[in-house]
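Below: the structure, in structure tokens.
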Amino acid sequence: MRHLIDITDFTVEEIEHVLDLGDKMIADPAAYRECLRGRILATLFFEPSTRTRLSFESAMLSLGGSVLGFSSADSSSTAKGESLMDTIRTVSCYSDIIAMRHPKEGAPMAGSLKSYVPIINAGDGGHNHPTQTLTDLMTIRRQKGRLSNMVVGLCGDLKFGRTVHSLIGAMSRYEGVEFVLISPPELKVPAYITDELKRKEIPFREVETMEEVMPELDILYMTRVQKERFFNEADYIRLKDTYILDPEKLRTAKADLSILHPLPRVNEISTKVDDDPRAVYFDQVRNGRFVRMALIKTLLEWEEMKA
Ligand code: NCD
């Protein structure tokens, strides 16, 4: 059974199929309004979410399907001590596909071993977030018309930022992509990711300020400092406002830079940037619904093809 746990579970061709379908759905949503009538998506969110959970739910409803689930662990039998495995096995008897978010790295992967239906990782701790990456890829491709040959700057909490880890995994498979990793030393990308970049001979640089690289960037991917993953509040307070993107810092940027952020934003992008045509973080929000429609439809079709 096919799941989406890590973005590299899908080949580049499979990802492009999902992105193409997402584009078609944006162009003609009415054509897909009934295509999953009678199918059920379960959203199991053991961690807070606004966009990911609601875009999954909106996606399924927009395809004529139905949704059930919970949005916090305390409203499920997890609060009574039920194991994740038993919860997943149970919910997979009530649904055709499951999107789950969990604070523990690897939880969706473990869940997929027991599930009777496809599992989509909607974020596992500080590890991965493949459906945000589909959203990001769709947004970049709609902006630039390509996913190859560009300088991608990732800025902020690159240590705990799961969206960053998945985006690097996805974009490293395209030709001519160079990464500029902008973070304080304490929040650098984990070594397992830079080791992989080195092994594949993909160019990357680690720097501490966005000013020094701004003129080179085609993409600037800003991230929130992940407060919930810190062991020590003092460290969070010290690091939380390291980067604040404002119109002044964008003065040296390319005219066709695209500024992305998975959201939620705290302070890292001034609201003064929102009206800049290069700011596309609310396009990401809109694309997130359509790319999840495309993903759910594709995974369910793969299941049917097997049957
Ligand atoms: C991200 C996440 O949950 O990892 N949000 C999202 O899903 N759009 C980023 C974040 O929380 O900072």
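Quick notes
- Straight-distance candidates among the lysines for linking to K24, with alpha-carbon spacing under 21 Å and chain neighbours fewer than 8 residues away dropped: K144, K297.
- Where labels lie 7 Å past Cα in the beta-carbon direction, separation of E233 and A27 in nm: 5.3 nm
- Spatially proximal lysines relative to K159 (Cα-Cα < 24 Å; intrachain offsets below 8 disregarded): K104, K188, K198, K200, K227, K240, K249
- Carbon and sulfur %, accessible surface of the range 94-154 computed with the full protein complex present, 1.4 Å: 50 percent
- Taking amide H positions as modeled 1.01 Å from N, with prolines and chain starts lacking one, the residues under 5 Å from M150 and 5 or more places away or on another chain are V177, E178.
- A simple spin-label model places pseudo-atoms 7 Å from Cα toward Cβ; at L68 and E34 they are separated by 2.5 nm.
- Close amide H contacts of E206 (hydrogens built in the peptide plane, cut-off under 5 Å, sequence separation of 5 or more or a different chain): L181.
- Relative contact order for the range 61-138, counting Cα pairs under 8 Å that sit 6 or more residues apart, in percent: 23 percent
- Low-density loop positions, chymotrypsin sites (Phe, Trp or Tyr not before Pro), the range 194-259 - DSSP coil, at most 15 other Cβ in 10 Å: F231
- The chain: angle of helix 12-27 to the longest principal axis, Cα-based, in degrees nearest 10: 80 degrees
- C-alpha long axis of helix 162-171 to longest principal axis of the chain, angle in °: 80 degrees
- Karplus-derived HN-Hα couplings along the range 90-103 (A = 6.51, B = -1.76, C = 1.60, θ = phi - 60°), whole Hz, x at Gly and Pro: 5, 5, 6, 7, 9, 9, 9, 7, 10, 10, 10, 10, 8, x
- Relative contact order, percent, the chain [alpha-carbon distance under 8 Å, six or more residues apart]: 20 percent
- Centre-to-centre, using Cα atoms only, the range 91-154 and the range 209-258 are separated by 23 Å.
- Binning the C-alpha pair distances of the chain at 10 Å intervals from 0 yields a P(r) profile of 6, 28, 35, 23, 8, 0 %, listed from the shortest bin outward.
- In summary, the convex hull built on the alpha carbon positions of the range 54-98 has an orientation-averaged projected area of 3.3 nm².
- By accessible area with a 1.4 Å probe, ligands and nucleic acids excluded, highest first: order of H102, H261: H102, H261
- Under-5 Å amide H pairs with L245, H placed in peptide plane, nonlocal only: I269, S270
- Once the convex hull of all Cα atoms in the range 112-229 is built, its volume per residue stands at 121 Å³.
- Sequence-ordered 3J(HN,Hα) estimates for the range 283-300 from the Karplus curve with 6.51, -1.76 and 1.60 and θ = phi - 60° stand at 5, 4, 4, 5, 4, x, 5, 6, 6, 6, 4, 5, 5, 4, 4, 5, 5, 5 Hz, glycine and proline given as x.
- Residues in the chain average 43 Å² of solvent-accessible surface per residue, probe 1.4 Å, ligands and nucleic acids excluded.
- Within the accessible area of the range 243-307, the carbon and sulfur atoms contribute 53%, probe 1.4 Å, all protein chains present.
- Estimated [θ] at 222 nm from DSSP helical runs (n ≥ 4, -39500 (n - 2.57)) normalised by residues in the chain, nearest 500: -11500 deg cm²/dmol
- Added length on full extension, which subtracts the Cα-Cα distance from 0.36 nm per residue, R89 to S148: 17.3 nm
- Sequence-ordered 3J(HN,Hα) estimates for the range 43-53 from the Karplus curve with 6.51, -1.76 and 1.60 and θ = phi - 60° stand at 10, 10, 10, 8, 9, x, 6, 10, 5, 5, 5 Hz, glycine and proline given as x.
The values are calculated or read from the model by the stated rules, or taken from the named source; none is laboratory data. This one's a predicted model, so the numbers in the text were calculated from it and none came from an experiment. Every residue, glycine among them, receives a Cβ derived from its backbone with ideal geometry; neighbour counts consider all protein chains shown. Heavy atoms of the whole protein, side chains included, go into the accessibility calculation; ligands, DNA and RNA do not. Shrake-Rupley method; radii C 1.70, N 1.55, O 1.52, S 1.80 Å.
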